[in-house]
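Read-outs throughout are calculated quantities, based only on the coordinates presented, and are distinct from any laboratory measurement. These numbers come from a predicted model, not from an experiment. Quick reminder, even Gly has a Cβ in these numbers, built from the backbone with ideal geometry, and neighbours come from all protein chains shown.
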Amino acid sequence: MAKKVPMRMCVGCREMKPKKELLRIVRSPEGEVSVDRTGKASGRGAYICPSAECLNKAEKIRALERALEHSVSKEVFEKLRDEMSADEQ
């Protein structure tokens, strides 16, 4: 029997994708928003495709803010863009 692949929805494009293909953005209990590479950090999480297109859409429709139940500053979006561009190289 094949092992079940955990699926998560991207907050940008709203597509269900395997959890391993997505980036987890987490809001810590202290309110700090960051990228969770391990997928195990404590706090409220949201998943997003590692593409600038999905990040831009999530920023435009404020999907990340709704998913994390916390305001997300422009600096955090810039940091996410930098990390995504570093991953692509």
Inset, instruction - Treat segment 34-89 as a sphere of radius equal to its Kirkwood radius over Cα pairs and apply Stokes-Einstein at 4 °C in a medium of 1.567 mPa s; give the translational diffusion coefficient in µm²/s, rounded to a whole number. - result: 110
Inset, instruction - Within segment 30-64, which residues have the backbone N less than 19 Å from the label spot 7 Å out from ARG81 along Cα→beta-carbon, could you tell me? - result: 33-35, 48-64
Inset, instruction - In Å³ and rounded to a whole number, note down the convex hull volume per residue for the Cα atoms of segment 1-74. - result: 93
Inset, instruction - Filter the GluC sites (Glu not before Pro) in segment 1-53 to those in DSSP coil with at most 13 other Cβ atoms within 10 Å of their Cβ, and list the result. - result: GLU15, GLU30, GLU32
Inset, instruction - Report relative contact order for the chain in percent, whole number only (criteria: Cα-Cα under 8 Å, sequence separation at least 6). - result: 26
Inset, instruction - Please give the helix 74-88 orientation as an angle from the longest Cα principal axis of the chain, in degrees from 0 to 90, rounded to the nearest 10. - result: 40
Legend entry - Stretch in the chain that is longest and holds no trypsin sites (Lys or Arg not before Pro) that DSSP places in a loop and that have at most 13 other beta carbons within 10 Å: 63-89
